[in-house]
Structures are given as C-alpha cells and as structure tokens.
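Let me begin by presenting the structure, written as structure tokens, before commenting on it.
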Amino acid sequence: MLVYLIAILSGIAFALAGQLTFWPVTTEAPFHFWRPIILLVAGYFIGIGIAWIFYDISGRLTVSYKKDYRKPTRFARRLLTDGITFINIHAHIKLKKIGLDKIPNEPFLLIGNHKSKFDPMLVAQVFHKRYIAFITKQDNMKIPLAARFMWRLGYMPVDRSDKLQSLEQFKKAAELISTGASSVGVYPEGSRQPADVILADFHNGCFNIAIKAKCPIVVLVTKGTEKIHKRFPRKTNVEMKCLQVLYYEDYANMNATELSTYVHDIMYKELSGE
C-alpha cells in the first residue's frame, strides 16, 4: 500500500539520518539502544503526514467538483482503497469473508446492512480490484482527503429531502452499471442503525437501479462493525457474508417494492439467526 510504503521509507530514512546527525548512538549515552527505535517510530508518523499531504495535493490537482464523472480511474481507486485499507488495518479489524466467490465479474448492485462507517470502507478494501461507487449522504462528500477521490469514482451523494435529485442519482447509478463503468453499492436502510435494531425498513426506490440496469444484485451482510470504535485498540472480529446473488431472471417479474421486501427478508433471517 502506498501509505505504508511512504511511512516505512520515511521511518527508515529518519532513523538513519538521526543516527548520523542530530542524535547519534554513543557508548556513553544511557539507553542508546532505544534511540533508533524512537527515531524509526517518529519517522513512520512523519511519513503518514507526508502521505496525507500527497493525497490532498493529488486530489486537488486531478479532481474537480464541477465535473460529473461517469468513468472511474485506477489512480483514484488505488489511492482511495490504499488509504481506507490503511485505516482498517490500524483499527485492528479481523475480517472473516464468507461466500464472496459467488460474486460475479460483471457490474452489480450491492445491497448491504448499515451499522458503522466501516461498512463501505471494508467493502472498498475487499473489492479493491473492482470499481464500486456508493450512493451516500451528502455529508460524506466532505470527508477530508477521501471526498475528492470518492467524487472521481462516481460516488453519488443523495439529498433525502429532494426526491427529484434522488431519482437523478438512481438514474446515474443504473447508467454506471449498464455501461460497465462501475458497480454500485447502496444501504437501503438509509442511515446507520443502532445496535438494538436488527435491520430497519428499506427505502424501496433504490431497487429500481437494478430493475433499470437488469444487473445482478449482490446481497451482503456485515456483522460486528458497530463494535469497532468501542473495542479499539483491541481487535474486533467482523464477518462479511454474501447471502445470495440475484440475477435479472430471478427478479424480472418483481417491482421495486416486492424486490425490496424479498431482499429484506433474506437479510433479516441471517442477521436475526432465524
């Protein structure tokens, strides 16, 4: 990963420079064996800062919020997924993946449950070789460093108070899938749910994306992400499971409401243990 590479190289360079210049090891100095370790750690964090500066400059130079991007780039995907993976690793997440071999190579609509900000971040990490643009709330497009790359990859902010704007974004999502530009991820619950809610009611409209694009629907559940921030810095076990892949012929005779109910039932049974 790019962030790790920059941080590690910076740590090594800072440790060597420190040993040769401003903080050399001498036989007279107490605890001198700890000096290179301290320098290495300090350089590592300096490297993280350098990487974030690189991200900021790269985003400003390559992405414009005035443009409506319909074709993602490898550069934006690489930087975004590398940064997200770096955060996930440092959050001490142990991820168990089940059934992901079912997921098709063609673009799809991903339907998931939503308990934490880590849900889409883990999807981005797991599918780091795929283009997946999420339908998200507008506030997420203000995330420092990441927002410009999210925009460049076709992420679609939705204004829940403006139905016309939401319909336009659903239309764009179907276009991204139909043209083969990207898969699309959506959380039909609409927002993150508290721990005591197994699965909230779905907003049915997002299922029109699949109906219009006639694409596969990947039904995915993630368990345990709501515990990550509570357990940090301890390890958190998280499970990501693909329950089913619905192809167009499986739901061709359903409308958005019927399809939403069908998928909700599949996910609820898994999450509730019924």
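Read-outs: derived from the displayed coordinates by stated rules, not from any lab. This one's a predicted model, so the numbers in the text were calculated from it and none came from an experiment. All Cβ positions, glycine included, derive from the backbone under ideal geometry; neighbour counts span all protein chains shown.
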May I ask for the net charge around Asn208, where only other residues with Cβ less than 14 Å from the Cβ of Asn208 are counted and Lys, Arg are +1 while Asp, Glu are -1? +2
So if I place +1 on the C-beta of Lys and Arg and -1 on the C-beta of Asp and Glu, and nothing else carries charge, what would the dipole magnitude of the chain be about its Cα centre? I want it in debye, nearest 20. 640 debye
tail above 19 Å in the computed P(r) of region 131-237, as % of all Cα-Cα pairs, reads 52 percent
Rounded to the nearest whole number, the per residue volume of the convex hull around the C-alpha atoms of region 131-175 in Å³ is 59 Å³
Please compute the contact order of region 135-274 in relative form: average sequence separation of alpha-carbon pairs under 8 Å and at least six residues apart, divided by the residue count, as a percent. 20 percent
Helix-only mean residue ellipticity at 222 nm for the chain, each DSSP H run of n ≥ 4 adding -39500 (n - 2.57), per residue, nearest 500: -14500 deg cm²/dmol
So if each residue of separation counts as 0.36 nm, and I subtract the Cα-Cα distance between Ala42 and Glu249, what length gain in nm does that give? 68.8 nm
Give me the percent of DSSP beta bridges within the chain that run antiparallel, rounded to the nearest 5. 25 percent
Using the alpha-carbon centroid of each, what span in Å lies between region 96-147 and region 42-72? 20 Å
Whole-Hz Karplus couplings 3J(HN,Hα) for region 62-73, θ = phi - 60° and coefficients 6.51, -1.76, 1.60, Gly and Pro as x, run 10, 10, 10, 5, 7, 9, 9, 7, 10, 9, x, 10
Which value in nm describes the separation of the simple spin-label points at Lys97 and Phe232, placed 7 Å from the Cα toward the beta carbon? 2.3 nm
Environment charge at Ala124 (Cβ cut-off 12 Å; Lys +1, Arg +1, Asp -1, Glu -1): +3
Counting pairs of Cα atoms in region 213-274, how many percent are more than 20 Å apart? 41 percent
When the Debye formula is applied to the Cα atoms of region 70-272, each taken as the same point scatterer, what base-10 log of I(q)/I(0) results at q = 0.09 Å⁻¹? -0.31
Once amide H atoms are placed 1.01 Å from N in the peptide plane, what residues at a sequence separation of 5 or more from Met156, or on another chain, have their amide H within under 5 Å of its amide H? Phe134, Ile135, Thr136
